[in-house]
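Take a look at the structure below.
Here, each number is a calculation from the coordinates, and none is a lab measurement. Here the structure is a predicted model, which is why all the values come from computation and not from measurement. Cβ: placed from backbone, ideal geometry, glycine included. Neighbour counts: every protein chain shown.
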Amino acid sequence: MGKRTTWLPVCAIAKISMKGAIVPSFCALLNRWITCKSVQPETCERIMDTISDRLRIPWLRGAKKVNISIIPPLVLLPVFLRVASWHFLLGGVVLTSLPVLALWYYYLTHRRKEQTLFFLSLGLFSLGYMYYVFLQEVVPKGRVGPTQLALLTCGLFLILLALYRAKKNPGYLRNPASNDRPLSSGQAECLTRKGQEKTKGFPGAESSGSLNNRTLKDEPKGSSRVLVGSPTKIKEDWCAKCQLVRPARAWHCRICGICVRRMDHHCVWINSCVGESNHQAFILALSIFLLTSAYGITLTLDTICRDRSVFTALFYCPGVYADYSSALSFTCVWYSVIITAGMAYIFLIQLINISYNVTEREVQQALRQKTGRRLLCGLIVDTGQYNRGFLRNWYQFSTLGAHPFHHPAEDIV
């Protein structure tokens, strides 16, 4: 009781000064923690929602709301990487815990079907911070020439351009009430506002790790029907939420709240779906990132661990922790390796799916229903429904979004 009475006057004063905005709930939460009582999840969610609503920055036309999920990467990533560079044991602990914490946060938000800008913020800030460390710690050592720096900088800008293209309309289906007009960005934002309002803050995960997109679970498919009078028996799928008939391979994303044509999956790294209109840009962004990251890792290791191959320097670089600059660069290299390995796995899965003409949603559906052929311990899943051969599958992928209408062969039952 002594500890509890210590906090009550502070809470009462704060409640009067803040006019009951968020401090009362926060003080109640502190009281429960101090007295070792259980805390209701709704209390934490209410506090995070209030903080997210009140967190604003001055802008030209009034205060602009800031999503709280973009803040943790900006603050915690530099801190943890610098702590990891103090000693190789600290580096091992920090770099091992980051993927675990990021996966925990991913499953937390995905289970609640919430949108989050955390991974997009983490990806963009990681690119900027790695480039900053490269300019500050690696380039001054004199081993990187102007041409090499120009190539790395060009790769960074190409990544950003590809990500910008991948963030555009993934292929939203038009509502019949829109008179066949394309869905504008404002309409898409209006449709996704419900999901964005449920976005929670960052409860405790720190940084990045490779995310396995095969963990996605889609909403159960809506009612299907076949047109009796149609000579080709085109299969129609009615979406009760969007109030429209969607073609084959289209799906409703519960996170975005919109139906997407030929939906592959919802990618947290771009905070958007990957569908018919942006799948090519998504693959392009992954490929450019992998090439640029591998090139930057090679340049850094060649600078701080001279006269050693890249693979050898990655695991054996004597004296790298004797100098703080080299230690920080080496830690950033390992962080980049972890991110690159995760993206390489996603890229490999994407290449396999394209080669067999399946989407990630169709793969997950086949795994749940135990249909299709599974090869290499489930790494390859061939549903056989749309597979037209390796070359024809890649040709169809190369022409995605080039035609206003979907391929008729995919709609025939």
Take TYR295, TYR321, TYR105, TYR395 and order them by how many other Cβ atoms sit within 10 Å, fewest up front. TYR395, TYR295, TYR321, TYR105
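Taking the number of other C-beta atoms within 10 Å as the exposure measure, put ASP323, ASP307 in order starting with the fewest. List each step's numbers first, then the result.
On the way: ASP323 13, ASP307 7.
The order, fewest Cβ neighbours first, is ASP307, ASP323.
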Under the rule of at least 5 residues apart or a separate chain, name every residue whose amide H is placed under 5 Å from the amide H of ILE380. LEU375
Check which residues have an amide H placed less than 5 Å from CYS273's amide H, if you skip close sequence neighbours. CYS267
Applying the gyration tensor rule to the Cα atoms of the range 76-180 (axes a ≥ b ≥ c; rounded if a/c under 1.5, else prolate if a/b exceeds b/c, else oblate), the class is oblate
If amide H atoms are modeled at 1.01 Å from N in the peptide plane, then the residues at a separation of 5 or more from TYR172, or on another chain, having amide H under 5 Å from its own are ARG261
